[in-house]
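Quick note: the coordinates plus some simple rules give every number you see, no bench work behind them. Bear in mind that the values here come from a model prediction, so they are computed numbers and not experimental data. Please note: Cβ atoms are built from the backbone with ideal geometry, for glycine as well, and neighbour counts cover all protein chains shown.
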Ligand code: AMP
């Protein structure tokens, strides 16, 4: 029963890693970016509201984002743990998450930071733009998203660090290697009995 979040700049591989970690820990991965994109696709009121922000690489306003996450965390499957991917991204969202968890009598176990340098991030995001055709993966929008990360989200990382709740993992390298590093770091933190890794030698991911 792990309650955690993954935090890292756009292109750090957090979405991919979040899916894998969540499978190992048997908890739902909750990606705010995925929820927004699904709503845009379905043309819901939330999607219509969010689309302009997503297209520009801006952050959706805190009020909208926080209400969405609160609703999602109230669902049954999140009662036994969760992995938040892409939230919180602002200090306002940090306080909101603290309040949501406190109201539910829960607390976060840790925040996992995935690191990568700006050059590698831009290279990965442009490659993803070619493959996936995401509307926010153009060069200008990428630069803007990285800048917003520096301004708004680095203070979030610092906040979890100051509470001694941060685990930092190098996100550069092959996807499997990064997953291995992350799972080892989590295991050191929460103990092996909570991590359901397939037996060695080959981790089938
Ligand atoms: P992501 O898939 O995490 O890169 O998110 C894609 C886009 O969704 C971001 O560029 C924002 O426009 C929006 N978004 C996702 N998470 C948040 C959040 N926590 N706060 C505000 N906007 C968000």
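When 183, 4, 74 are arranged by Cβ crowding within 10 Å, least crowded first, meaning fewest neighbours, the order is 74, 183, 4.
Neighbour counts of other Cβ atoms within 10 Å put 35, 6 in the fewest-to-most order 35, 6. As a length-normalised measure over Cα pairs under 8 Å and 6 or more apart, the relative contact order of the chain settles at 31 percent.
GNM on the chain, alpha-carbon springs under 10 angstrom: the most fluctuating residue among 91, 112, 83 is 91.
Where Rh denotes the Kirkwood radius from the mean inverse Cα pair distance, what is Rg over Rh for the range 1-56?
Values: Rg = 13.2 Å, Rh = 12.6 Å.
So for the range 1-56, dividing Rg by the Kirkwood Rh gives 1.05.
Once both labels are positioned 7 Å from their Cα atoms along Cα-to-Cβ, the gap between residue 172 and residue 95 label points is 3.7 nm.
Between residue 1 and residue 67, the C-beta separation translates, for a Förster distance of 30 Å, into a calculated FRET efficiency of about 0.75.
Pairs of Cα atoms under 8 Å, at least six residues apart: use those to get the relative contact order of the range 57-157, whole percent. It rounds to 40 percent for the range 57-157.
Gain on full extension, evaluated as 0.36 nm per residue between residue 115 and residue 26 minus their Cα-Cα distance, stands at 29.6 nm.
Spatially, the range 56-89 and the range 1-39 are offset by 11 Å when compared through their Cα centroids.
With a ≥ b ≥ c taken as the square roots of the eigenvalues of the C-alpha gyration tensor of the range 91-198, please select rounded if a/c is under 1.5 and otherwise prolate if a/b is larger than b/c or oblate if it is not? Oblate, since a/c reaches 1.5 and b/c is not below a/b.
Cβ-to-Cβ counts within 10 Å put 149, 53 in ascending order as 53, 149, the fewest first. Normalised by residue number, the volume inside the convex hull of the Cα atoms of the range 24-81 is 96 Å³ per residue. Mean projection of the Cα convex hull over all viewing directions, computed for the chain: 11.4 nm².
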